[in-house]
1. Among the residues of region 63-113, how many are in a loop (DSSP other than H, G, I, E, B) and of a type in the set (D, E, K, R)?
2. Condition test on Met246, is it assigned to a strand (DSSP E or B), hydrophobic (A, V, I, L, M, F, W, C) and at pLDDT 95 or above?
3. Cβ-Cβ distance below 9 Å, separation of 6 or more or different chains: which pairs start in region 201-227 with a residue that is in the same structural domain as Lys177 (by TED's automatic domain parsing) and at negative phi and end on one that is among the basic types (Lys, Arg) and assigned to a helix (DSSP H, G or I)?
4. Are there any pairs with C-beta distances below 6 angstrom linking a residue in region 288-310 that is farther than 12 Å from Asp154 by Cα to a residue that is of a type in the set (S, T, N, Q), with the two at least 6 apart or on different chains, and if so which?
5. Please enumerate the residues belonging to region 249-287 that are within 21 Å of the chain's Cα centre (by Cα), part of a helix (DSSP H, G or I) and without any contact (Cβ under 8 Å) to a residue 12 or more places away in the chain.
6. Using beta carbons and a limit of 7 Å, which pairs, at least six apart or on different chains, have the first residue in region 20-34 and without any contact (Cβ under 8 Å) to a residue 12 or more places away in the chain and the second one of a type in the set (Val, Ile, Thr)?
7. Name the residue that is modelled with the highest pLDDT, counting only residues in region 151-162 that are among the charged types (D, E, K, R) and touching a Lys or Arg at 6+ places or on another chain (Cβ under 8 Å).
8. For Leu292, are the conditions met, namely being part of a helix (DSSP H, G or I), over 30 Å from Asn74 (Cα atoms) and in contact with a Lys or Arg (Cβ under 6 Å, 6 or more places away or on another chain)?
Amino acid sequence: MLFTKQSKSATLLNKFNQVSRCADVFQFVRHDGYIKTLFIKKLKRLLNESSQLISVFGCNTEFYYQFLPHVNTNVKRIDLTHAFSTPDYGLEQFSIPFVDYLDYRIVINAKTKKDFEQQYVEHNMPKDRRDHILCIPNGIDIETNGMNRNKTSDLTVGFFGRWSKEKRPQLFLDVAKLLNDEHRTINFKMAGTALEPHKAQIENSNVEYLGELSETSAISDFYKSIDILVITSYREGFPLVIMEAMSYGVIVMATNVGSISEHIKTNENGMLITETDPDQIVRTIAEKIVVLSNDSELKKELHSNALDYATSNFGIRQFNKAYRALLTNE
C-alpha cells in the first residue's frame, strides 16, 4: 500500500500495517522532476515483473492516474470515488485523460454513478465506458451496536469528522451557540481530526471537546452517548459516520448532499436538511433538535428505525464479497 499524500493524522496507520505492507512515497511524487521519474521507473519494473500481481487500486491520488499508463494491461486497474468535488475541482476532473487506462471505476452510491455517466456524455466518451462504473456501497460490522445506549434524560448532539472546508464544522458550533441560552438540557459534543487548533473556539461555544478518537471503544462510547449526529457538509458521498451512527440507533440530521437522501428519510429514520443557505441550515437544525428534545415518542421511534435500517442495509458481508471478486480472480 502506497501513501502518496501527507496525512493529517497517523491514527489508523497501525491498522493499515496489520493487513498490508505500507510505504509513504509522498516525498518521491510530490513534484515533477528527476526523482519522480526515477521512482516511476522503479515502481513500474517492480510491479510489471511480478507474477503474482492481479490488480492495482487507487483512491484520492493524482499520482495513481499518472502511473496507470505504465501498468501492464493484463493487470486489473481500478479506482474508487466517493463523490464528485463540485463546486471544487477534484479528481473526477483530473482523471478524465486516464479513463481508458481503467478497467473498473468503483462508486459507493447511485448519485456518483450518475455523475460519472453525465461527465462521460459531456466529454463524448464511448457508451461502453459507462459499463465499467460499478456501485459497491460501503459496509460496516454492526453486530449489536445499538444495544445498551449510555444515555441520560438530557439530549446530546454530536459532530464527528475532520475540521475542513467542505464539512463546515462552524455551522455545528453556531447551532450550539443558538441553543445554549434557552435549552440547558441539550448538550453538544465534538470529535474528529484537525480539531486541536480550534479547541478554544469549540469550548467557547459550550461544546465538549473530545479531540481525535482512534480506539474502537472510544468511538463506540461516543455513539452510545449521543442522540443525534449532525452533518453540515456542502458536499459528501455517503459518510461512513452516518452508517456507524445509525448502527447505534443514533438519529442522523444531515444536509441534503451526495447520496444522503438515498438513506435518510425525514421523520422516518432521521432528519434531512434541505435548506442550502448556511444561516437557514443553522436555524433549521436548531429547530429540529428542539422538536426532538420535546417529543420523546418521536425520538424513540427514530432511534429504533435508524437501528433497523442500518441492520438491514449496511452489513459488511456483501461489501467484502464484492471487493474480493473484483480484486482477485475468484
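1. Within region 63-113, the subset in a loop (DSSP other than H, G, I, E, B) is 71-75, 82-90, 95, 102-103, 108-109.
Keeping just the survivors that are of a type in the set (D, E, K, R) gives 88, 103.
Residues that pass the stated criteria total 2.
2. Values: assigned to a strand (DSSP E or B): no; hydrophobic (A, V, I, L, M, F, W, C): yes; at pLDDT 95 or above: yes.
For Met246, the condition - assigned to a strand (DSSP E or B), hydrophobic (A, V, I, L, M, F, W, C) and at pLDDT 95 or above - is not met.
3. Pairs found: Asn204/Lys177; Ser205/Lys177; Val207/Lys177; Tyr209/Lys199; Asp227/Lys299.
4. These pairs meet every condition: Asn305/Asn269; Ala306/Asn269; Tyr309/Asn269; Ala310/Ser247.
5. Of everything in region 249-287, just one residue is within 21 Å of the chain's Cα centre (by Cα), part of a helix (DSSP H, G or I) and without any contact (Cβ under 8 Å) to a residue 12 or more places away in the chain, namely Ser261.
6. Cβ pairs passing all conditions: Phe28/Ile35.
7. Narrowing region 151-162 to residues among the charged types (D, E, K, R): 151, 154, 162.
Still in the running and touching a Lys or Arg at 6+ places or on another chain (Cβ under 8 Å): 151, 162.
Details: Lys151: 61, Arg162: 93.
Step by step, filter region 151-162, then rank; the result is Arg162.
8. Values: part of a helix (DSSP H, G or I): yes; over 30 Å from Asn74 (Cα atoms): yes; in contact with a Lys or Arg (Cβ under 6 Å, 6 or more places away or on another chain): yes.
Against the criterion (part of a helix (DSSP H, G or I), over 30 Å from Asn74 (Cα atoms) and in contact with a Lys or Arg (Cβ under 6 Å, 6 or more places away or on another chain)), Leu292 qualifies.
The values are calculated or read from the model by the stated rules, or taken from the named source; none is laboratory data. Since the model is a prediction, treat every value here as computed from it, not as a measurement. Backbone-built Cβ (ideal geometry, glycine too); neighbour counts: all protein chains shown.
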